[in-house]
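Down below is the structure, laid out as structure tokens.
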There are 2 protein chains.
Amino acid sequence: MQFGIIGSGSWATALAKILTDNQHVIHWWIRDANSINHIQQRHHNPHYLNSAYFEPSLLKMSSDVNEVVKHCDVVVMAVPSAYIADALSGLSKDALKDKKIVSAIKGILPESNQLLNEYLADNFNTDINKYFTLLGPCHAEEVASEKLSYLTFSGVDESVAAEIAAHFKTEYMNTVTNHDINGVQYAAVLKNIYALGAGIAHGLEYGDNFLSVYIANSADEMVKFSRKVIHDFSLENTDINYAASVYLGDLLVTCYSLYSRNRMFGNMIGKGYSVKAAQLELNMVAEGYNASRCIFKTNEALKADIPIATTIYQILWEHLSPQEGFKKIEGFLQ
Amino acid sequence: MQFGIIGSGSWATALAKILTDNQHVIHWWIRDANSINHIQQRHHNPHYLNSAYFEPSLLKMSSDVNEVVKHCDVVVMAVPSAYIADALSGLSKDALKDKKIVSAIKGILPESNQLLNEYLADNFNTDINKYFTLLGPCHAEEVASEKLSYLTFSGVDESVAAEIAAHFKTEYMNTVTNHDINGVQYAAVLKNIYALGAGIAHGLEYGDNFLSVYIANSADEMVKFSRKVIHDFSLENTDINYAASVYLGDLLVTCYSLYSRNRMFGNMIGKGYSVKAAQLELNMVAEGYNASRCIFKTNEALKADIPIATTIYQILWEHLSPQEGFKKIEGFLQ
């Protein structure tokens, strides 16, 4: 398998490290030519995971996305969901047709409110049977420092997912497979909303007891949403372990991490900052912010029982005060 | 309802605060007469939760357990499981017969390897229909500082559990009810084992990614054990939400708390201390230590699929090295 990676943020850089640690040559799309030069000369990404060393003979870098895609049979997409459409905009409509796509994107494309596979099918005629996801609780920083982590590869055809997964298994990376291609993607989106909410709760000075109850009940909502997705998508096999790393594990690491951008953003909302002020102060928008609206919209049709996520949406988008919002949430918790 | 409390540690003191904040007169068994004098004169427990103020007119304290039990119809047991048999040893065999018992004990009695209800039935002819538990994610320190928490009251008759629960509801305490009297008690025991294991993992320098996967899979084991208990005890209603606070919530707060004794103890084991050395250094035995053996024994008959808890037992009791033990656990995780 010839691998390509689209993106050069911290997660893309971590994935490049994993594949090159396995001696794979990678075709790597990096938008910024200066970064390419720096990596070529200094063997490190100047902006992300500086500690990860790259063997130059294993890197085929280019700022031309067509060039990268052309040379590989597996394309790993690792750009934040808000920027992926732009990153792929130079690609011809058939460029991805015969490729296996592996999405490492934890989010919904905000403009079209679609999962990546839906967006790619609409715009590049891709086939769901060649679409896979690579998800799970994985701070890129811990990949850089080679702390043992678990990645889950999902695909309609789980055996192909397992073949791809084998290339990502290293001493510090275990892999798991799964066939719940829709459920894992929604779980990855929902967790950012709940983590943002955990930050709001912290900002409102709730304690550890409350936080544990809030997160446990968030896990319950995530399962309810995922089951509803499966039901609505009429998938047959529903024998899914929702306590596995890609569902509950990822929720936990995101909610409990003090360094999570979602949590920091939420903390400022809880302390009384407006969304706009929090954005300016932190110089970023947390993924949970857009995610809350995407899920709210998706759920207008799906009608899963997700009052926590809905209330966080109302706080972020409909001017419900964090205090009142969390008073409501208190009443939902068991 | 006239409430009695057996015990004066931090959790017993927190429960005394909750009931007296609701203006209940409480009959309170405190072994040490000096503590009784101190509380009478200074309105604070000298040893635990010093910040909790007690209105003296609401306290009927005695170091005579018969005196305390005689005056109440609900007896709240809040002594560590290893000491409860001793605390009750002065009671006559019929003293508890007409009382409602509320267990706030998170453990198995180590000598007889029994849940408290089993021990009381054998020694005091108590009736399971008058036995209730009060459990959930609740650091006593957060009760003292009046941070919102959730307590779950369980009983075979859930409506009586709800009546009792009503007396514990305050501005800072929400209550939930449940009928899974065996499952909640075992979940409270198991969580200490998993938290001790989280400490070992930390001591072995696993990172946050791994910890989240370990805890998610521990939650899965806890559910498997609890389902098996229900099946074996032939309870009919198995409509249980295992993501609720009393199961998953309590596991989370215990595993993620840096101040948990189980976690501290485990951390020393992971760093290479022997069990005996960790005991001497910390001047205590973590509950998860005995719990791991109790669960191991119980599971010899039950045969639930709990490889993580079994491996932690082997590390603590059968000289399996923490490194090798966690290498095994790595292979169990999904």
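Only residues that are modelled with pLDDT of 95 or more, among the aliphatic types (A, V, I, L, M) and over 16 Å from the mean Cα position of the chain (by Cα) were counted in the range A:129-168, giving 7.
Selection within the range B:216-248: residues that are in a helix (DSSP H, G or I) and away from every other protein chain (no Cβ under 14 Å). The member of this set that is modelled with the lowest pLDDT is B:Asp232.
Among the listed residues A:Lys97, A:Lys60, A:Lys70, which satisfies the condition of being out of contact with any helix residue (DSSP H, G or I) (no Cβ under 6 Å at 6 or more places or on another chain) and within 25 Å of A:Thr152 (Cα to Cα)?
On the way: A:Lys60 fails: within 25 Å of A:Thr152 (Cα to Cα); A:Lys70 fails: within 25 Å of A:Thr152 (Cα to Cα).
Testing whether each residue is out of contact with any helix residue (DSSP H, G or I) (no Cβ under 6 Å at 6 or more places or on another chain) and within 25 Å of A:Thr152 (Cα to Cα) leaves just A:Lys97.
Hey, can you tell me all the residues within the range B:322-334 that are farther than 21 Å from A:Thr177 by Cα and over 28 Å from the mean Cα position of the chain (by Cα)? Lay out the reasoning, then the answer.
Residues of the range B:322-334 farther than 21 Å from A:Thr177 by Cα: B:322-326.
Selection gives B:Gln323, B:Glu324.
Among the helices (runs of 4 or more DSSP H) contained in the range B:251-334, which hold 2 or more residues that are crowded, with 20+ Cβ neighbours inside 10 Å and in contact (Cβ under 8 Å) with a residue 60 or more places away in the chain?
Working: elements: B:261-270, B:275-282, B:287-302, B:307-317, B:322-332.
Once the helices (runs of 4 or more DSSP H) in the range B:251-334 are filtered for at least 2 residues that are crowded, with 20+ Cβ neighbours inside 10 Å and in contact (Cβ under 8 Å) with a residue 60 or more places away in the chain, what remains is B:261-270, B:287-302, B:307-317, B:322-332.
Pairs only if they're at least six apart or on different chains, beta carbon under 8 angstrom, first in the range A:132-145 and more than 7 Å from chain B (Cβ to nearest Cβ), second buried (at least 24 other Cβ atoms within 10 Å of the Cβ) and acidic (Asp, Glu); list them, first residue then second. Every condition considered, the pairs that remain are A:Leu135/A:Asp250; A:Gly136/A:Asp250.
Across the range B:187-215, the qualifying residues are those that are without any contact (Cβ under 8 Å) to a residue 60 or more places away in the chain and closer than 21 Å to B:Glu287 by Cα, and the one among them that is nearest to the other protein chains (Cβ to nearest Cβ) is B:Ile215.
The values are calculated or read from the model by the stated rules, or taken from the named source; none is laboratory data. Since the model is a prediction, treat every value here as computed from it, not as a measurement. Backbone-built Cβ (ideal geometry, glycine too); neighbour counts: all protein chains shown.
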